[in-house]
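Some notes on the structure that comes next.
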Amino acid sequence: MLPCPYAKKCGGCSLQNLPYEEQLHLKQAKLIKLLGRFGRVDEIIGMEEPTHYRNKIQAAFRSRSGKVVSGVYQSASRRIVEVEGCMLEDECAEPILKTIRKLCASMKIRPFDLESGQGFLRHVLIRKGFHSGEIMVVLVTTRGEFRSERSFVNELLRRHPEITTLVRNVNPTDTPLFLGSESHILFGKGYITDRLCGLDFRISPRSFYQVNPVQTEILYGKAKEFAGLTGSETVIDAYCGTGTIGLTVASEAKEVIGVEVNKDAVADAVDNAKRNGITNAVFHAADAGEFMEAMAARGKTADVVITDPPRAGCSGKFLHSLLKLAPKRIVYVSCNPETLARDLYTLTKGGYKVRKIQPVDMFPFTSHAEVVVALERKV
């Protein structure tokens, strides 16, 4: 019997049929097959408690037979699978979602329908600080008036005083589970804070922040170890997000330069540096590849580049700029082993040798794995 009653319908947890240790063995074998040609793949680091690890929850809302329901998009379609309690999500989420479903029904707030283009509430995003316990709830809606807004907000907060901040985000597109650029704070500061690797971080609705805080500390610890810093290095943190990796290594570097195209994330990174008293880190809202190419054109260089790209991996333009900049070491943090293998091929052909490959299981019960790779420029 599968541990989750939604497993077959949802499809998100593709490895639920396997005991956790067997899941790790399967991922290890897959990673060796993909990355073994570049060097030894160290044993994947698993979790002691591999459930309820997600600090970020997204629930889509729909009307079904006159009832307001919420759930997840089926992995093979855009159909919503009604879910009440996911074994991967933080347990704070379901009681809040249940209340929102009831309030939508009682206050006649219609969920958005993709086919008709009618309705108001598209989905709800919940984020919880693992150490701080702070909770942010984001109501993602279409444009237009939020009917019964004050009554909705007051009642939600009355039933859930644990909510630290409440935000309305407007998504005017047809893309599901997408946050638009327009946000309105309904309660609180509009962000939460959390502690990671001994530092405090501000997390806004649209900022990237790893969803598994326990394994993130291990992942970033390995990235810091692989950077091999002595205190004299200039480090570039590419795709830096809210600055988490760059700020984590800043105490052992001469200077850290963070580059990120998301302006909201850069604002958070600047704030995070200030709140932690870190003065040797600067952040730029720019394309990382263009930024490094401009550095190389000015005759500037970096000793270490840490890159943590999205699932699509590094662009060809970025890799070209990276090879042109020619840092002594590269630390590649990847959430997609397939694109990692592709990019490692380019980097090894361009004069780098892989020194370490360390997988970390960030997403138990799914087929995904995170990998940290240390590369060194050949002399």
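The values are calculated or read from the model by the stated rules, or taken from the named source; none is laboratory data. Bear in mind the structure is a predicted one, so any value in this text is a computation, not a measurement. Cβ placement follows ideal geometry from the backbone for every residue including glycine, while neighbour counts extend to all protein chains displayed.
Tabulated values for the structure
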quantity: Residue within segment 262-278 that is within 20 Å of V372 (Cβ to Cβ) and basic (K, R) present; calculated: no
quantity: Test for Q16: is it part of a loop (DSSP other than H, G, I, E, B) and more than 21 Å from S334 (Cβ to Cβ); calculated: yes
quantity: Hits in segment 1-37 (condition: over 24 Å from the mean Cα position of the chain (by Cα) and within 18 Å of K356 (Cβ to Cβ)); calculated: I32, G36, R37
quantity: In segment 122-143, the residues that are surrounded by 24 or more Cβ atoms within 10 Å (Cβ to Cβ), over 18 Å from F208 (Cβ atoms) and in contact (Cβ under 8 Å) with a residue 60 or more places away in the chain; calculated: R122
quantity: The one condition in (1) touching a residue at least 12 places away in the same chain (Cβ under 8 Å); (2) outside any helix (DSSP H, G or I) that L103 fails to fulfil; calculated: (2)
quantity: Residue satisfying all of: in segment 51-86; assigned to a strand (DSSP E or B) and among the hydroxyl-bearing types (S, T, Y); surrounded by the most Cβ atoms within 10 Å (Cβ to Cβ) among these; calculated: S70
quantity: Residue match in segment 38-50 (condition: assigned to a helix (DSSP H, G or I), over 18 Å from F363 (Cα atoms), touching a residue at least 40 places away in the same chain (Cβ under 8 Å) and more than 25 Å from the chain's Cα centre (by Cα)); calculated: yes
quantity: Positions within segment 240-275 being in a loop (DSSP other than H, G, I, E, B) and either crowded, with 19+ Cβ neighbours inside 10 Å or touching a Lys or Arg at 6+ places or on another chain (Cβ under 8 Å) (or both), in sequence order; calculated: C240, G241, T242, G243, A253, N262
quantity: Filter result for K254 (assigned by TED's automatic domain parsing to the domain that holds I163, over 17 Å from the mean Cα position of the chain (by Cα) and basic (K, R)); calculated: no
quantity: Unmet requirement for V379, which otherwise passes all of (1) under 30 Å from T51 (Cβ atoms); (2) out of contact with any Gly (no Cβ under 6 Å at 6 or more places or on another chain); calculated: (1)
quantity: Residue tally, condition in a helix (DSSP H, G or I), among the aliphatic types (A, V, I, L, M) and within 16 Å of Y352 (Cβ to Cβ), over segment 297-321; calculated: 1
quantity: Subset of segment 144-169 [among the acidic types (D, E) and either in contact (Cβ under 8 Å) with a residue 40 or more places away in the chain or under 24 Å from Q210 (Cα atoms) (or both)]; calculated: E155, E162
quantity: Unique match (being at pLDDT 95 or above and basic (K, R)) among K300, K328; calculated: K328
quantity: Single condition F187 does not satisfy, out of (1) within 24 Å of K98 (Cα to Cα); (2) in the same structural domain as F283 (by TED's automatic domain parsing); (3) not β-branched (V, I, T); calculated: (2)
quantity: Counted residues, segment 69-90 - those being within 20 Å of D194 (Cβ to Cβ) and without any contact (Cβ under 8 Å) to a residue 60 or more places away in the chain; calculated: 2
quantity: Condition broken by P111, with the remaining ones in (1) touching a Leu at 6+ places or on another chain (Cβ under 8 Å); (2) surrounded by fewer than 21 Cβ atoms within 10 Å (Cβ to Cβ) satisfied; calculated: (2)
quantity: Enumerated strands (runs of 3 or more DSSP E) restricted to segment 322-379, each holding at least 1 residues that are small (G, A, S) and crowded, with 18+ Cβ neighbours inside 10 Å; calculated: 329-334, 370-377
quantity: Residue, surrounded by the fewest Cβ atoms within 10 Å (Cβ to Cβ), within segment 154-179, restricted to residues that are at pLDDT 95 or above and assigned to a loop (DSSP other than H, G, I, E, B); calculated: P161
quantity: Pairs where the first residue, in segment 56-68, is of a type in the set (D, E, K, R) and the second is part of a strand (DSSP E or B), C-beta under 6 Å, 6+ apart; calculated: K56/R127; R62/V69; R62/I80; R62/P111
quantity: E94, sole failed condition from (1) closer than 16 Å to D361 by Cα; (2) without any contact (Cβ under 8 Å) to a residue 12 or more places away in the chain; (3) surrounded by 18 or more Cβ atoms within 10 Å (Cβ to Cβ); calculated: (1)
